[in-house]
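The values are calculated or read from the model by the stated rules, or taken from the named source; none is laboratory data. Predicted model only: the values in this text are computed from it and were never measured. Heads up, the Cβs are rebuilt from the backbone with ideal geometry, glycines too, and the neighbour counts pull from every protein chain shown. For the accessible areas, the whole protein counts, side chains as well, though only heavy atoms, and no ligand, DNA or RNA atoms are used. Shrake-Rupley method; radii C 1.70, N 1.55, O 1.52, S 1.80 Å.
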Amino acid sequence: MGSSRVSVFIQDFSLEKKMPFLRENSKLIAQFILTALFIGMGIWFLKHEKAELAEVKTTLAQAQWTWVMLGIGVTAFYLLLQGLMYLSAFHSIRCKVNLMDMVILFLKRNLISIFLPAGGVSSLAFFTGPLEKKGVSRTQIHYASSLYGFIGILTVIVVAIPALIYAFYKGNSRSSDWIALVAVLFIAVLLFYLFRLLMQKGRFYQWVLGHFPSFEMLIEDILHNKVLAGRFLITVILSLVIEITGIAHVYIAMKALQVSPSLFAAVMGYIISVIFMLVSPFLRGLGAIEVSMSIILVRFGFSNVEAISITMLYRFFEFWLPLLSGVISFLTGINKLLMRIIPATMILFLGVINIISVLTPTIAGRVERLQEYVMLDVIHASNYFVLAAGFFLLVTAAFMLKGLRTTWWLALILSVISFIGHITKAIDFEEAGVALLIIVILLFTRREYYVKSRPRLRTVGWRMALFSIAAILVYGVIGFYLLDKKHFNVDFNLAQSIQNTLAHYFLIGSNAYFPRDAFARDFMYSINIGGFLSMAFLLYTLVRPYVFKGNASEKEREAAASILARYGKSSLDYFKTSFDKMIFYEDGTDAFISYRIAGNYAVVLENPVAGNEEEMKKCISLFDLFCYENSLKSIYYRVPEESLPVYREKRKKSMFLGQEAVVDLEVFSLEGGHHKSLRNAINRIKDRGYKASVHQPPVKDGILQKLKSVSDEWLSYTERQEIIFSQGMFAWNELKNQTIITVENAEEKVIAFLNVIPDYAPSEGTYDLIRKTADAPNGIMDFILLELFGYFKTKQIRFVNLGFAPMSGLNDTHTFAEKSMKFAYEKIRSFSQYKGMREFKDKFDPQWFNKYLIYDYDYDLIQVPTALSRVIKPA
């Protein structure tokens, strides 16, 4: 069954074969591209402004220390304000914490955010342990952190309005500034309007819940005053003051550098820097902020040197000082995360040092002394290698926290290149000393980098990347060496050919030689393009270990089909070999796991399919190891209650999800007073001429066309979309080979249908899709289910699985999460469909069986709605 069924799905969903790779990894790929772009912007800017950098160094050295010390004092006040904002956010949800813990929490999260995707938001999930030891639950920590993050983003926009108005009163406005003010006001009005739409719970509200399911609880708490309004307002005020300190830092930098200060320029420069920081996927906007803020300041009349100097000093106050404070906060205790944070921070630092060292003037005396031992061409080549190593180090730093072994090797190689390069380019022993220190740190922390890349990546990815780099470099060297003199008016020797190839490969170019015709320009552009693409591919091989294949291999599918045929015993087993699933199977085992990837989560459908309990335990342990080595967290969805001891033995946690309804056909009867309404509804349907038909496979195309019409109409008027994972979707070839029960009117129009699917539970039958037209009479679903009961009786099937009713049966609540679920189930309107689902199934007197979610850490519960919403989408 497994292999043929898979082939059918492949025919129906050719797009799906390509979809998982892009859909599951599009965010990571976009982050990678944006990170490289932002850093590239910074390198280009420094190269473009190379002539001014020497003056920038002089300008910074002449800064007034009184103002610099004031800026450092404002930074200390800024850190205190961040702690107070956290404190107020916790108090908003009636949670008591102390200020020192909140300041340390900010420092650690701020540091780690540099190395995380969407760092400012992602970091809110970390460092809950110290607070938990003091009695604060993880749910409370993440709830307060969400408030903190939301308010922080909101005030970035809000603070711009009074600041701009003040600037206009001071007479510093131009026509473009009025446009900026109107734009900010428009955004503020738009945010207010969207907030009103959320409160009204209309279509926009439903769209938000579709993408952020956990957002509903926040809105409900606000509406029911569970968030203290006074404390919430204080949190907003503190966030506004934090924005003002940012503006003050820009203004103080202007005063310290003895340039004519401008409040409006400070405001706009700060706002632009924060926007780039928010949209930056990694490294908190490093590179892009320096470029954009300098350009904004130049626009306000500052010279290039002044603009760059102000930006650098501002970044010292707002970025590097808090980063250093975060490092110090970590030194209070050694742990595994610290053993990754220190190398990542140092690698980031070395990358910045490399780039600045190459793009700033060298010490002439050292270069003259070096030329006595090293050729000038070697010195030039060393500059290019140090610059390239700096670029790769910045990107590598963003991935060090993942613990990938390949990343560690890359960081070590780049550090060695940096060490040698700094010595051979200008005897820069200071920078070489930093590189040597990092080499020692990497060697000391090597055991913390254990995440393995797959063999295929190692053998193919790196070979292709290195081969493409070598091919471009050889092409460039040979091309320059053999080019006719007329193209550049120079007859290049081998050393010059190597030097120019490296310059154009790393997109730096050379001012020594100029193309004389179109052929020469195209040749240089070809090296530029080839260099960019080959470097991008090399960086991609670094990212690739986090990218998972979208389809199981044929071997995995065959093994899963064989195991399923022998040991399947669940109504969900049918979906475990569906086209959307990835299969975890190890040679030598008699079990497999069906799962999908959503972000950093591997969402498993129910239990492993296994020959016995020992094989099941073994499979879970192997899968945990697989997840551990690939930086994934496992979640098991809809696990039956009788399996809980297996997961508890593995020290996993469980949370009640809902119940599954199973009807015993030997017990069920329409007789009795409580079924009177059901009998009357069925009789009315029969009296109106409706009849049921059973269609055996292969189902005729004409019938399938009618079913497609019913399905499309049902999706349209119910405003639903196809979902998968724990159920199927309308698939023509799949339905063609299944038993279909339809209900038709006197004109033979199909008004409802359901499809019978394999159920691996003993003596049990079930269905998948059950859909009807908008004009179908009331009771039509009851009618078609009773027809299904009759069909199963003819097949000597005793039990009918009616499916899952989420959140139903939650009576005895203990944890905060369970209490929240019960509140949502009983009080929140959008959850009323779950109550209706329970009431519908209850009419058939089923037995109810508890189903659970299995997870490792409480924080996983915060991410579960998002992870599940992603895995149930077919595209």
- Task: Check off (1) part of a helix (DSSP H, G or I); (2) at pLDDT below 80 for residue 453 and give me the number that stays unchecked.
- Result: (1)
- Of these, 710, 699, which one is in a loop (DSSP other than H, G, I, E, B) and farther than 21 Å from residue 804 by Cβ? 699
- Query: Quick one: which of 250, 259, 291, 236 is open to solvent by less than 60 Å² (accessible area, probe 1.4 Å), aliphatic (A, V, I, L, M) and modelled with pLDDT under 75?
  - Reply: 291
- Message: If residue 586 satisfies all but one of (1) open to solvent by less than 40 Å² (accessible area, probe 1.4 Å); (2) in contact with a Cys (Cβ under 8 Å, 6 or more places away or on another chain); (3) of a type in the set (Asp, Glu), what's the number of the condition it fails?
- Response: (1)
- Query: What residue, among those in the range 686-705 that are out of contact with any helix residue (DSSP H, G or I) (no Cβ under 6 Å at 6 or more places or on another chain) and open to solvent by 80 Å² or more (accessible area, probe 1.4 Å), is farthest from residue 771 (Cα to Cα)?
  - Reply: 687
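Yes/no matrix, rows are residues, columns are (1) among the charged types (D, E, K, R); (2) over 25 Å from residue 728 (Cβ atoms); (3) not in a helix (DSSP H, G or I):
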{"site": "604", "(1), (2), (3)": "no, no, yes"}
{"site": "615", "(1), (2), (3)": "yes, yes, no"}
{"site": "625", "(1), (2), (3)": "no, yes, no"}
{"site": "636", "(1), (2), (3)": "no, no, yes"}
{"site": "643", "(1), (2), (3)": "no, no, no"}
- Task: Please specify each residue of the range 715-742 satisfying the condition of being touching a residue at least 40 places away in the same chain (Cβ under 8 Å), more than 33 Å from the chain's Cα centre (by Cα) and open to solvent by less than 10 Å² (accessible area, probe 1.4 Å).
- Result: 740, 741, 742
- Residues satisfying the stated conditions in the range 610-633, i.e. open to solvent by less than 10 Å² (accessible area, probe 1.4 Å) and out of contact with any strand residue (DSSP E or B) (no Cβ under 6 Å at 6 or more places or on another chain): 620
- If we take the range 318-422, then helices (runs of 4 or more DSSP H) inside it with 1 or more residues that are open to solvent by 40 Å² or more (accessible area, probe 1.4 Å) and at pLDDT below 70 are 336-359, 364-370, 376-399
- How do the pairs read when you match residues in the range 315-327 that are touching a residue at least 60 places away in the same chain (Cβ under 8 Å) with residues anywhere that are open to solvent by 30 Å² or more (accessible area, probe 1.4 Å), using Cβ under 8 Å and keeping only pairs 6 or more apart or on different chains? 317/72; 321/72; 326/108; 327/342
- Message: Quick check on my filter: what residues within the range 645-665 are part of a helix (DSSP H, G or I) and surrounded by 12 or more Cβ atoms within 10 Å (Cβ to Cβ)?
- Response: 646, 647, 648
- Of the residues in the range 634-644, those that are open to solvent by less than 30 Å² (accessible area, probe 1.4 Å) and either over 19 Å from residue 864 (Cβ atoms) or in contact (Cβ under 8 Å) with a residue 40 or more places away in the chain (or both) come to 634, 635, 636, 638, 639, 640, 644
- Message: Can you find a residue that is closer than 19 Å to residue 843 by Cβ, of a type in the set (Lys, Arg) and part of a strand (DSSP E or B) anywhere in the range 788-795?
- Response: no
- How many residues, within the range 760-774, are farther than 21 Å from residue 722 by Cα and either free of Cβ contacts under 8 Å to residues at least 60 places away in the same chain or acidic (Asp, Glu) (or both)? 3
- State all residues of the range 724-782 that are charged (D, E, K, R), outside any loop (DSSP other than H, G, I, E, B) and over 25 Å from residue 567 (Cα atoms); if no residue qualifies, say none. 736, 744, 771, 772, 782
- Is it the case that the range 743-752 has a residue that's touching a Gly at 6+ places or on another chain (Cβ under 6 Å) and either in contact (Cβ under 8 Å) with a residue 24 or more places away in the chain or open to solvent by less than 20 Å² (accessible area, probe 1.4 Å) (or both)? yes
- What number of residues within the range 74-103 are of a type in the set (A, V, I, L, M), under 21 Å from residue 320 (Cβ atoms) and open to solvent by 30 Å² or more (accessible area, probe 1.4 Å)? 2
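Based on this model, can you work out whether residue 745 counts as in contact with a Phe, Trp or Tyr (Cβ under 8 Å, 6 or more places away or on another chain) and modelled with pLDDT under 95?
On the way: in contact with a Phe, Trp or Tyr (Cβ under 8 Å, 6 or more places away or on another chain): yes; modelled with pLDDT under 95: yes.
Yes; evaluated as a whole, the condition is true for this residue.
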- Query: Is one or more of the residues making up the range 509-517 modelled with pLDDT of 75 or more and assigned to a helix (DSSP H, G or I)?
  - Reply: no
- Message: Regarding the range 728-735, can at least one residue be identified that is under 25 Å from residue 671 (Cα atoms), of a type outside the set (Ser, Thr, Tyr) and in contact with a Lys or Arg (Cβ under 8 Å, 6 or more places away or on another chain)?
- Response: no
- residue 557 fails exactly one of (1) out of contact with any Gly (no Cβ under 7 Å at 6 or more places or on another chain); (2) modelled with pLDDT under 90, namely (1)
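Give the range 666-685 a look and list any residue that's open to solvent by 100 Å² or more (accessible area, probe 1.4 Å) and either touching a helix residue (DSSP H, G or I) at 6+ places or on another chain (Cβ under 9 Å) or without any contact (Cβ under 8 Å) to a residue 60 or more places away in the chain (or both), or say none.
Of everything in the range 666-685, those that are open to solvent by 100 Å² or more (accessible area, probe 1.4 Å) and either touching a helix residue (DSSP H, G or I) at 6+ places or on another chain (Cβ under 9 Å) or without any contact (Cβ under 8 Å) to a residue 60 or more places away in the chain (or both) turn out to be 671, 674, 676.
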- Message: So residue 106 passes all but one of these: (1) open to solvent by less than 30 Å² (accessible area, probe 1.4 Å); (2) at pLDDT below 80; (3) under 29 Å from the mean Cα position of the chain (by Cα). Which condition number does it fail?
- Response: (2)
- Does residue 595 satisfy being hydroxyl-bearing (Ser, Thr, Tyr), modelled with pLDDT of 90 or more and not in a helix (DSSP H, G or I)? yes
